[in-house]
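Engineer: The following block contains the structure, expressed as structure tokens.
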Amino acid sequence: MESTAALSNRSWKFTLFFSLTFLIFFQLTSDFIESIYTFGLLGTNIPPEIVSIVLFFSPLVLLLFRQRLPLRAALVLGGVAALLRGLELVLDPGGKMLASGLGVGILLVTFPILLSNLTRKAPASTLEMGTGLASALAISVLLRTLGTGSDISLLLPWISWLLCAVLIGLAVLLLRENFTPEPEEETVKPRFCPAAALSSGFLGALLILYFAFISPTVLSRWSSVDYRLILLTLGVAWSIFAALLTGDRIRQISRPLLAVWNVLFLLAGTAAILINQVRFPAEAGGFPLYQPDLSWAAQIPIFILLLLSPVIGMDFILLTGEFTRRRPTTRQLGGGFTIAALVFLIVVLAQVFTTVYDYIPVVGPWFRDRFWLVFLFAGLTLTVPLFWARQRTIPGPQPVLRQLFFPLVLSALVVSVVSAVITEPRPEVNRKPATLRVVTYNIQQGYDQVGKRAYQQQLDVIRSLQPDLLGLQESDVARFSGGNGDVVRTFAEGLNMYAYYGPKTVTGTFGIALLSRYPLENPQTFFMYSVGEQTGAISAQVTVNGVSYHVLVTHLGNGGPIIQQQQVLDELAGKQNIIAMGDFNFRPSTEQYALTTRTLDSAWVLAGSPLTAGLDPERLIDHIFVSPGTEVKSAEYIVSSVSDHPGLLVEISP
């Protein structure tokens, strides 16, 4: 028998190893999906690297092994995945896709090997794995908060390299341990169906965390609830859960109570989405349609969802414990994890389809307005497998969890909340500016012309323009397709500006945003009639030098449908001091442009239509229109490799 001190020493190593392994899985999966989407966004031919998506089915290789693979194999594979995570940060988009995909594939093989070696005692227990998952969530939340909506390790790669080095170091330390295999404790004959169900539940826990919780900005953008409140509620809930992990109370949770907990969690998430979705009319006469303002009481389901979210960790511990009881074979785990990975991939694609449905032939339109169903299905991948967990298999607490990992989880979440409060923008307003500088910019979802994430490069370009008002298009936030990043939050904090993000992400509408150095008054979102992709616009007022301006930002559908522009103009009718900007998707020679200039003036034309090298004035689709009589001092198109669209800077005499 090993000493208590030896077991405790090994316990913290395994717990930290699990924590960093889960964290890197979230990061690699996020980067992999983002890379695949980026190639589609660029409109390039399907690259050879896209074949890397088959790496989701890497658990199939386990079908080649009759015997249980040793724990050492999982430790080595975990270290290799860490190396790939560090490497992909410096590769071009194609290389990043391959490296992140290979890393995901390796971890999808690592997990079943770990589970096949999981025991109720030493060398590693389900409680240590569950604590590792809670710690991974806390670290991910911290990294996302410090990165103002995006994982800060993408902006400062040395952070990721440090975490990867720690993981590799832990793997090396554990490889030097002398593991004494426990006697087999099989009480149930291994069968494939339970193994597949448990495998789906294991990945289901990771999926639902990836779906909504590892980046708190996701729930904030679902609902427009303040990011800081989301973060605070999540921190309270998971800190309580982390405290429960350090004692015996978690073992006293009954199966009926757990079932009710799961049902309420799923209902709260589904209700939160449905409440925040917009019911779009089928006929053009129902538009323009304003996104309704919801009372605080209507957002109660979001907070219930957050408070109940630790059920994910509870389910995870129970399901992993069931692996120790059933002891499935390596081949059963290989087949089970292949099915689980397929379900994982389907949910990821389905969530992406809820936005890009118009670009997916045949299948795509079915996903329109079904964001709630995708969440519900993701949740069921975790909860349904609980039917195969026939007994409580939660081990007793380890002292090291109380001494080390509860403080780790708590401190990470507390620092996240404090960071979110400290970094909230507090713009300094120039009460009497010489000019009002207005910029509209289609930022291609935050990627440059070769497909690299370019948040900071785009921010540098915009900062050099010193805008007072900034309209963004193709600025989707908090979606799988963009790595659940939040480019609008990044820009708002980087520019120290107020910000309003348009359509809630559950509406399946492409993102638009309005940033301002002046307080935004009465910001609203409205939608125009759309046959294909749903389009929207933002309207708000700002007051400069005692003059109230009515500001609008929009991004029309492909071809700039005239009915959409007509509805935009109808909403502007009768208003004074208009500044309407965006990617209108129509050129100066079109009927839509002629319709617009009957009531508004092009700021670029008022400034004398200055030419920009490399731009054909007849092909311009990014415009700023103003009320007749507005004094425009200058206008300039800004061409840069950080986006596939030029920015447009207009100076207005306030």
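Engineer: Looking at the stretch 256-300, which of its residues are surrounded by fewer than 17 Cβ atoms within 10 Å (Cβ to Cβ), under 30 Å from Asn522 (Cβ atoms), modelled with pLDDT under 95 and hydrophobic (A, V, I, L, M, F, W, C)?
Structural biologist: The answer is Ala282, Ala284, Leu294, Trp296, Ala297, Ala298.
Engineer: With more than 18 Å from Phe371 (Cβ to Cβ) and of a type in the set (A, V, I, L, M, F, W, C) as the only criterion, which of Leu294, Leu319 stands out?
Structural biologist: Only one candidate passes the filter, namely Leu319.
Engineer: Can you report the number of residues in the stretch 514-531 which are touching a residue at least 24 places away in the same chain (Cβ under 8 Å) and under 26 Å from Ala271 (Cα atoms)?
Structural biologist: Within the stretch 514-531, residues that are touching a residue at least 24 places away in the same chain (Cβ under 8 Å) and under 26 Å from Ala271 (Cα atoms) number 7.
Engineer: Further question on the same structure: Taking the stretch 439-474 only, how many residues are on the phi > 0 side of the Ramachandran plot and among the small types (Gly, Ala, Ser)?
Structural biologist: 2
Engineer: Now for a different question. If Val605 satisfies all but one of (1) in contact with a strand residue (DSSP E or B) (Cβ under 6 Å, 6 or more places away or on another chain); (2) of a type outside the set (Phe, Trp, Tyr); (3) modelled with pLDDT of 95 or more, what's the number of the condition it fails?
Structural biologist: Just one mismatch for Val605, condition (1).
Engineer: Tell me which residues, restricted to the stretch 332-355, are touching a Gly at 6+ places or on another chain (Cβ under 7 Å) and of a type outside the set (Phe, Trp, Tyr).
Structural biologist: Thr354, Thr355
Engineer: Kindly establish whether Gly560 is modelled with pLDDT under 95 and of a type outside the set (A, V, I, L, M).
Structural biologist: yes
Engineer: Within the stretch 101-134, which residues are of a type outside the set (A, V, I, L, M), modelled with pLDDT under 95 and in contact with a Lys or Arg (Cβ under 8 Å, 6 or more places away or on another chain)?
Structural biologist: Ser116, Asn117, Pro123, Thr126
Engineer: Kindly indicate which of Val348, Val311 is of a type outside the set (D, E, K, R), without any contact (Cβ under 8 Å) to a residue 60 or more places away in the chain and surrounded by 22 or more Cβ atoms within 10 Å (Cβ to Cβ).
Structural biologist: Exactly one of Val348, Val311 is of a type outside the set (D, E, K, R), without any contact (Cβ under 8 Å) to a residue 60 or more places away in the chain and surrounded by 22 or more Cβ atoms within 10 Å (Cβ to Cβ), namely Val311.
Engineer: Would you mind telling me which numbered condition in (1) surrounded by fewer than 16 Cβ atoms within 10 Å (Cβ to Cβ); (2) part of a strand (DSSP E or B) Phe526 fails?
Structural biologist: (1)
The values are calculated or read from the model by the stated rules, or taken from the named source; none is laboratory data. Remember, it's a predicted structure, so these values are computed and weren't measured experimentally. As a convention, Cβ positions derive from the backbone with ideal geometry for all residues, glycine included, and neighbour counts pool all protein chains shown.
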